[in-house]
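Undergrad: Questions regarding the structure given below will be posed in turn.
Each value in this text was obtained by applying a stated rule to the coordinates, not by laboratory testing. The model shown is predicted, which means the values in this text are computed figures rather than measured ones. Because the Cβ atoms are built from the backbone with ideal geometry, glycine has one as well, and the counts that use them run over all protein chains shown.
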Amino acid sequence: MDEPTRVLLLSARLRAVPWRLPELLAELLRADSARWVYGGAAGRPGEPRPFDATQLTVPVGPRQAVRLHRVARPFTSVEAARAAAFVRLARPPATDGRPVRLADGTEVTVAPLAPSDQQAVRDLHERCSPESRRFRYFSTGPALPPRLRCHAPAHSLVACHEDRMVGLASLLTTAAPGVAELAFLIEDRWQGMGLGTAMARMLLREARDRGLAEVRATLLSDNTRMRRLLIALGAALAYTGDPGVLTGSLPLTAARTLVTAS
């Protein structure tokens, strides 16, 4: 096919699966490899980088980029501009993060999860202790469950401190009309500081605004932090057929005082 048609088709694929940005950038520029880079390796927008014509680093967000490598021929400035324009298609509409001050005075920023955050979600998952993963997924396995990756049907918020994701909270869709499931993953050292409560209240407001009637949660009976959080939000807890598993049910009318607070 001709080059404009090829680029348009790649752009359409990117809008459908933005978390595959490195792979599609590699295809766009016919690169040999592409990977996410973070932190110091990504640099800052406008920051000079050591020149290497076989590598191209394309900024995606603050301290986040895609690094491409191509041996056959050097990258050109035209290709760099084309890659930057391509990346803009993967970005969600600009949304300002909301600052949240925790119990010890530390401030984190809470914002909607973006498709390009998929690697950061994996990194958060890997940093959490086996116990935290067990409480979240009912499994200590190292692999992130497929249904809980960034593109799962959900509305999710992420909490970040500086350039690091420290918390993820989601409203997962369920088969029951008007009902969503609440779930959290907070990095161990950030637990017990009020972050889960703050993110839960934000998600409850979202649920109410979306016209949902009830939010539920499924938790292990020894997950005392989650039990306290749900009770504080006004949820009713009940045992399931499995004595080690509880469910929490929170009609949004019962949570209205908390939802409208803050």
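Undergrad: Please identify every one of the trypsin sites (Lys or Arg not before Pro) in region 160-262 that sits in a loop by DSSP and has no more than 14 other beta carbons within 10 Å of its own beta carbon.
TA: R210
Undergrad: Starting at the first residue of region 211-227, write each ³J(HN,Hα) from the Karplus equation 6.51 cos²θ - 1.76 cosθ + 1.60 with θ = phi - 60°, in whole Hz, x for Gly and Pro.
TA: Residue by residue, region 211-227 yields x, 6, 9, 8, 10, 10, 8, 10, 9, 6, 5, 8, 7, 5, 4, 5, 4 Hz.
Undergrad: Want the number for A85 to A111: 0.36 nm per residue separation, take away the alpha-carbon distance, what's left?
TA: Working: separation 26, 0.36 × 26 = 9.36 nm, distance 2.36 nm.
Separation in residues times 0.36 nm, less the Cα-Cα distance, equals 7.0 nm.
Undergrad: Given a Förster radius of 51 Å and the C-beta distance between R6 and R127 as r, what FRET efficiency does 1/(1 + (r/R0)^6) yield to the nearest 0.05? The partial results should precede the final answer.
TA: Working: r = 39 Å, r/R0 = 0.77.
Efficiency at R0 = 51 Å is approximately 0.85.
Undergrad: For region 121-133, in order, what is each residue's ³J(HN,Hα) by Karplus, 6.51 cos²θ - 1.76 cosθ + 1.60 with θ = phi - 60°, in whole Hz (x at glycine and Pro)?
TA: The phi angles translate into 5, 4, 5, 4, 4, 6, 6, 6, 5, x, 5, 5, 5 Hz.
Undergrad: Using only the alpha carbons, work out the radius of gyration and Dmax of region 155-251 in angstrom.
TA: Rg then Dmax for region 155-251, in Å: 13.3, 43.
Undergrad: Considering the zone a paramagnetic label at T173 would reach in this model (a point 7 Å from Cα along the Cα-to-Cβ line), which residues of region 211-225 have amide N under 19 Å from it?
TA: Answer for region 211-225: 211-217.
Undergrad: Then there is this: Near the amide H of V166, under 5 Å away, which other amide H atoms are found, from residues 5 or more places off or on another chain, if H is placed in the peptide plane?
TA: Those lying under 5 Å, H to H, from V166 are A159, C160, H161.
Undergrad: Label-point separation (nm) for L220 and A236, each offset 7 Å from Cα along Cα-to-Cβ?
TA: Going from the L220 label point to the A236 one covers 2.7 nm.
Undergrad: Mind giving me the FRET efficiency for F138 and V71? R0 is 41 Å, r the Cβ-Cβ distance, nearest 0.05 is fine. List each step's numbers first, then the result.
TA: Values: r = 45 Å, r/R0 = 1.10.
Approximately 0.35, to the nearest 0.05.
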